[in-house]
Amino acid sequence: MSWPSAPSTLGGRRDPDPGARRAREEGARGAFIAFLSTLVFVGLALWAILTSEAWPRVQQQFFNPEAFAEVWPAVISGFWLDVRMFLGAEVLILFFALVVAMARSLRGPAFFPIRALSVVFIDLIRGIPIILLILILGFGVPALDLPGVPRSPLFWGIAALVISYSAYTAEVYRAGIDSVPESQRMSARSLGLTQVQTLRYVLIPQAVRNVIPALLNGFVSLQKDVSLVFVLGVREGVREAQIFNARTFNYTGYIVAALLFLAVSIPVARFTDWYTERDRRRRQAMSA
Amino acid sequence: MKLVVESCSKAFDDKAVLDGLNLTVGAHEVVCLVGASGSGKSTLLKAINLLVPIDAGRILLDGRVITSPEVNPNEVRAKMAIVFQSFNLFPHMNVIDNITLAPRKVLGVSARRATERGEQLLARFGLADKRDDYPERLSGGQQQRVAIVRALAMEPELLLLDEVTSALDPVLVGEVLSLLRELKDAGMTMVIATHEMAFARETADRVAFLHAGRVWEESEPQLLFSKPERLETQDFLRRITEAGRL
């Protein structure tokens, strides 16, 4: 509802748009109410938990300060390996997935084998649970004892992650390529660019912009999935927490690991939302 | 560059769009294609640029059959250029990059040389100050002029124009048409699909009326517009006149 309002000169300051000022005031009031109700809600919940009969035992098992101090160095150094793994793997994934997506996007009968190969790869890999792939490559390949082939479980664990995520990410890229209007492809081809040049200079730059939120989502997911290589005995964060747990029967190490994973994934998730929203506004402004 | 289209046919899902179409365009000639929507103008231009494979017939460029499978389409496209109704500029590149991409990647021209040449073309058509702008910042008329400059940067011997003013506000049509007149004066061979009858009448060397996937009637513009021979041509021109377009 909008009221016809006279220009306000109260307080000596003229607001160019009284409607916008009211909206701001209502926004501030809304934020205050939200803050207050959250405070009350969280306070009640905490009170309920901390005064419950079971709390001392829960704290002893999961939030034990002494255990925290003892396990922290091992878990943090293991987690540092997780960070290096997901950063390294992400770079490789973004590259390989792009190659697979490009192969799948080539047209014409001459490229049929390449197209078919990429489809088979994507279908096959997406159909296998990632943990199986890690076990098969991580234990299987080193056991072959082939000359010149790396034997480190860490290497093959990361390879399994890269292969698996590349298949999914290739589909993300492909959705992006398909979202670019056909007229862009035609226009590039009419200028004499080859299919690969058209993909590289015209379609992919536009496609990537369209799928950045989806790629970031995949990155958040990868951040946690790298810990799966613990099954190979790789001493990353989760594995260190497990070792501590096996020795002390205390679960604080797992909580520490969980907090560390949250500390990196929440910022990326928030950034993804922020970016998606900004992108949506930009598009609206462009089409207006 | 001489273009010959010999009994070309093309069907989309059993619907014939080109039906044994014949057309000859001589060097430095400007031919306007007129006709109702769906008469095959756009498909013909895309077929000439090898963007749409034809089902039957053949197309010759300077006596060479370009529709045979051994011919590399990119080689053919480097000699001719097509401009579309919807501009199709690359939105993620600024004006000068839009223009220099194909010369650099297809013709292998150095970046410096391509940029110089692009700047010359922009200056020639009054777009010098748009050099670094992104397409979304340009008006429709400016975008279409940039699209034509992008096509010209490939130094084509034949220019195909597919209703290049149809998506523009009426006030912007003039700037694009005057650019085309300038190109005609410079001797560019052009095939222009258009709904701008006044432009076709004054600029074209010949006008071809397309109907049902064929060139139904073609002649000098004065003759075709004042004394159309065939019933369908008369009917088309009458409807155009009633719509106030002639």
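In this entry, B:Gly57 passes the filter for residues that are buried (at least 16 other Cβ atoms within 10 Å of the Cβ), away from chain A (no Cβ under 12 Å) and within 30 Å of B:Lys10 (Cα to Cα).
Do any helices (runs of 4 or more DSSP H) entirely within segment B:136-246 hold 3 or more residues that are within 19 Å of B:Arg124 (Cα to Cα) and in contact with a strand residue (DSSP E or B) (Cβ under 9 Å, 6 or more places away or on another chain), and if so, which?
Details: elements: B:140-152, B:170-185, B:197-203, B:221-226, B:231-242.
Answer list for segment B:136-246: B:140-152, B:170-185.
Name the residues in segment A:189-229 that are of a type in the set (Val, Ile, Thr) and either more than 7 Å from chain B (Cβ to nearest Cβ) or over 30 Å from B:Pro73 (Cβ atoms) (or both), would you? Step through it out loud before you land on a result.
Kept after step one, since they are of a type in the set (Val, Ile, Thr), are these residues of segment A:189-229: A:194, A:196, A:198, A:202, A:204, A:208, A:211-212, A:220, A:226, A:229.
Once the filter is applied, which keeps residues that are of a type in the set (Val, Ile, Thr) and either more than 7 Å from chain B (Cβ to nearest Cβ) or over 30 Å from B:Pro73 (Cβ atoms) (or both), segment A:189-229 yields A:Val196, A:Thr198, A:Ile204, A:Val208, A:Val211, A:Ile212, A:Val220, A:Val226, A:Val229.
Within segment B:182-192, work out how many residues are surrounded by 14 or more Cβ atoms within 10 Å (Cβ to Cβ) and not hydrophobic (A, V, I, L, M, F, W, C).
Let us first name the residues in segment B:182-192 that are surrounded by 14 or more Cβ atoms within 10 Å (Cβ to Cβ), namely B:183-184, B:188-192.
After this cut, where a residue has to be not hydrophobic (A, V, I, L, M, F, W, C) as well, the list is B:184, B:189.
Going through segment B:182-192 one residue at a time, the tally reaches 2.
Within segment B:174-221, being of a type in the set (S, T, N, Q) and more than 13 Å from the chain's Cα centre (by Cα) holds for B:Ser178, B:Thr203, B:Ser219. With respect to A:Gly138, is the statement that it is closer than 29 Å to B:Met154 by Cβ, buried (at least 18 other Cβ atoms within 10 Å of the Cβ) and either more than 14 Å from every other protein chain (Cβ to nearest Cβ) or free of Cβ contacts under 8 Å to residues at least 12 places away in the same chain (or both) true? No, not satisfied.
When B:Leu89, B:Leu101, B:Leu107 are checked against the criterion of being within 13 Å of chain A (Cβ to nearest Cβ) and touching a Phe, Trp or Tyr at 6+ places or on another chain (Cβ under 7 Å), B:Leu101 stands alone in meeting it. Can A:Val172 be described as under 12 Å from A:Leu98 (Cα atoms), part of a helix (DSSP H, G or I) and either within 10 Å of chain B (Cβ to nearest Cβ) or touching a residue at least 60 places away in the same chain (Cβ under 8 Å) (or both)? So A:Val172 passes the test.
Being within 17 Å of A:Gly237 (Cα to Cα) and either at pLDDT below 90 or aliphatic (A, V, I, L, M) (or both) is the filter here, so list the residues in segment A:71-99 that pass it. Spell out how you get there, then give the answer.
Looking only at segment A:71-99, we keep the residues that are within 17 Å of A:Gly237 (Cα to Cα), and these are A:71-89.
Across segment A:71-99, the qualifying residues are A:Val71, A:Ala74, A:Val75, A:Ile76, A:Leu81, A:Val83, A:Met85, A:Leu87, A:Ala89.
The residues on offer are A:Val264, A:Val231, A:Val268, A:Val256, and the sole one that is of a type in the set (A, V, I, L, M) and within 30 Å of A:Ala143 (Cβ to Cβ) is A:Val231. Of everything in segment A:226-239 that's touching a Phe, Trp or Tyr at 6+ places or on another chain (Cβ under 8 Å) and part of a helix (DSSP H, G or I), which residue is farthest from A:Arg84 (Cα to Cα)? Once the filter is applied, the top-ranked residue is A:Leu232. Counting the residues of segment B:134-173 that are more than 14 Å from chain A (Cβ to nearest Cβ) and either of a type in the set (Phe, Trp, Tyr) or free of Cβ contacts under 8 Å to residues at least 40 places away in the same chain (or both) gives 11. In summary, A:Phe271 fulfils each of the numbered conditions (1) crowded, with 20+ Cβ neighbours inside 10 Å; (2) under 26 Å from A:Ile158 (Cβ atoms) with the single exception of condition (1). Evaluating A:Met186 against the criteria (1) of a type in the set (A, V, I, L, M); (2) under 21 Å from A:Val99 (Cα atoms); (3) in a helix (DSSP H, G or I); (4) within 12 Å of another protein chain (Cβ to nearest Cβ) leaves one unmet condition, (2).
Screening segment B:37-115 for helices (runs of 4 or more DSSP H) wholly inside it with 3 or more residues that are more than 30 Å from B:Asp169 (Cβ to Cβ) and not polar (S, T, N, Q) returns the ranges B:73-77, B:95-105.
The values are calculated or read from the model by the stated rules, or taken from the named source; none is laboratory data. Keep in mind that what you see is a predicted model, and the values were worked out from it rather than measured. Counting neighbours? That spans all protein chains shown, and the Cβs are built from the backbone with ideal geometry, glycine included.
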